[in-house]
Amino acid sequence: MNGVKQVKLITARKSKGLSREKAALQIEISSAAWVSYERGQRMPSLLVAFKIARLLGVPVDDLFICPDIYS
């Protein structure tokens, strides 16, 4: 995941007033998994990506799909 997407994920979470732990709990993943997504160390499964997007009120492609895959 590129740096811009990581920042959007962090910004969207913070704008909802959620800690990493609370956000992870709400979508039933570990807080370690959430941290790894924010750090760009791994990508969530499709199901988890949609849960994150719904929780944060952001389109999934704004958070996880890199623009260079369309070129």
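The values are calculated or read from the model by the stated rules, or taken from the named source; none is laboratory data. None of these values were measured; they are calculated from a predicted model. Cβ: placed from backbone, ideal geometry, glycine included. Neighbour counts: every protein chain shown. Each accessible area value is taken on the protein alone, full model and side chains, heavy atoms only, with ligands, DNA and RNA left out. Shrake-Rupley method; radii C 1.70, N 1.55, O 1.52, S 1.80 Å.
Numbers at a glance
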item: Matching residues, segment 51-60, being open to solvent by 50 Å² or more (accessible area, probe 1.4 Å) and not in a loop (DSSP other than H, G, I, E, B); result: Lys51, Arg54
item: Count of residues meeting criterion [more than 9 Å from the chain's Cα centre (by Cα) and either of a type in the set (Phe, Trp, Tyr) or farther than 15 Å from Lys5 by Cβ (or both)] in segment 36-49; result: 3
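Each row is one residue, and each column tells you yes or no for (1) in a helix (DSSP H, G or I); (2) open to solvent by 50 Å² or more (accessible area, probe 1.4 Å); (3) of a type in the set (Val, Ile, Thr).
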residue: Gln6; (1), (2), (3): yes, no, no
residue: Ala12; (1), (2), (3): yes, no, no
residue: Leu18; (1), (2), (3): no, no, no
residue: Ala23; (1), (2), (3): yes, no, no
residue: Ile29; (1), (2), (3): no, no, yes
residue: Val35; (1), (2), (3): yes, no, yes
residue: Gly40; (1), (2), (3): no, no, no
residue: Met43; (1), (2), (3): no, yes, no
residue: Ala49; (1), (2), (3): yes, no, no
